[in-house]
Amino acid sequence: MEFQHTTVLLKETVEGALGDPKGIYADLTAGGGGHSLELAKRLSGGRLICFDRDKEAIEAAGGRLKGYPVTFVQRNFKDLGEVLDELGIEALDGIIADLGVSSHQLDDAKRGFSFHNDAPLDMRMSGEGLSAREVVNEYSFEELRRILYDYGEEKYAPKIAQGIAEARELSPIETTAELAEIIKKSVPAAYRREKNPCRKSFQAIRIEVNGELDALETALTAGFERLKVGGKMAIITFHSLEDRIVKNRFKEFCTGCICPPEFPVCVCGRLPRGQAVTKKPVTPSEQELSENPRSRSAKLRVIEKIRA
């Protein structure tokens, strides 16, 4: 299956991070190479480092960016600092990341990301390690309830976790269709009519399988540390958990004095290290929404490093 992905907030993201065209940049989520290609086109003597855990994404981006000054790294973006050390790169001029699951991953049934297609339970972006099948069949009721509530913000997490636990007692849950049917049977009929009840649970399991939120926390910290003063980081999120992490971490970078308010003068000496380029998140235009409905939940936040 050819790797397909519609790039979201393309111009806004690239322009948000781009500074010196001779600089060194990192795309933490190369995907099909949409953002990477646009950024690479604007470089003049610069260099781009492209990360992705997905082998198919790296291969697709490699073909698309052939001839450009790009280094591809099939690694989790949480390893950013380690990879830069290995490449002998001290600092970056800009960083971009699109945290959404690619259209290719959703549409390729065999990957097991989507509840719209029947496929083996997988959801691994790298194709290695913990799978959705293991989470669904081996996690305890309490562990399932926790990830469904914490990562899916699913109000019926206890009922769904119980439904999964009871179903797997009869036989292992092997496919996305089996899991989707269990979820639907575990929630009230009114909830099923309101929206597809599988979305939040599938999101939660995918986040657990891929360790997405912990990796994001690590990558944001490492990325900001490796930015040059004047460098910018542009991050696209697609759900509230990711956006909350990005918003809060950017706020930390932009915070100066942390002395208690009752102190008459600052004694901590802390100064802001960043400033928000986007006061509010940038969202897709009406035209982009009409052309790509999957972009509807995208939010772009950009920060600039102002102090080492």
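The values are calculated or read from the model by the stated rules, or taken from the named source; none is laboratory data. In this text, all values refer to a predicted model and were calculated from it rather than measured experimentally. Counting neighbours? That spans all protein chains shown, and the Cβs are built from the backbone with ideal geometry, glycine included. Calculation scope for accessible area: heavy atoms of the full protein, side chains included, ligands and nucleic acids excluded. Shrake-Rupley method; radii C 1.70, N 1.55, O 1.52, S 1.80 Å.
If I ask for residues that are polar (S, T, N, Q), buried (at least 17 other Cβ atoms within 10 Å of the Cβ) and touching a residue at least 60 places away in the same chain (Cβ under 8 Å), which ones from the stretch 181-223 would you list? Residues satisfying the conditions are Asn210, Thr218. Taking the criterion of being in contact with a Lys or Arg (Cβ under 8 Å, 6 or more places away or on another chain) and of a type in the set (Lys, Arg), the residues of the stretch 170-219 that qualify are Lys184, Arg192. Looking across the stretch 233-267 at every residue that is open to solvent by less than 40 Å² (accessible area, probe 1.4 Å) and either more than 18 Å from the chain's Cα centre (by Cα) or among the polar types (S, T, N, Q) (or both), the one that is farthest from Asp93 (Cα to Cα) is identified as Cys259. Evaluate the stretch 128-140: report whether one residue or more is open to solvent by 20 Å² or more (accessible area, probe 1.4 Å), among the aliphatic types (A, V, I, L, M) and at pLDDT 95 or above. For the stretch 128-140, residues open to solvent by 20 Å² or more (accessible area, probe 1.4 Å), among the aliphatic types (A, V, I, L, M) and at pLDDT 95 or above: present. Consider the stretch 141-166 and keep the residues that are closer than 30 Å to Lys55 by Cβ and without any contact (Cβ under 8 Å) to a residue 24 or more places away in the chain. The one that is surrounded by the most Cβ atoms within 10 Å (Cβ to Cβ) is Leu144.
Quick one: in the stretch 149-172, of everything that is among the hydrophobic types (A, V, I, L, M, F, W, C) and under 14 Å from Lys184 (Cα atoms), which residue is farthest from the chain's Cα centre (by Cα)? Walk me through how you get there before you give the answer.
First pass over the stretch 149-172, keeping only residues among the hydrophobic types (A, V, I, L, M, F, W, C): 157, 160-161, 164-165, 167, 170.
Still in the running and under 14 Å from Lys184 (Cα atoms): 157, 160-161, 164, 167.
Values: Ala157: 23, Ile160: 25, Ala161: 25, Ile164: 27, Ala167: 31 Å.
Filtering first and then ranking leaves Ala167.
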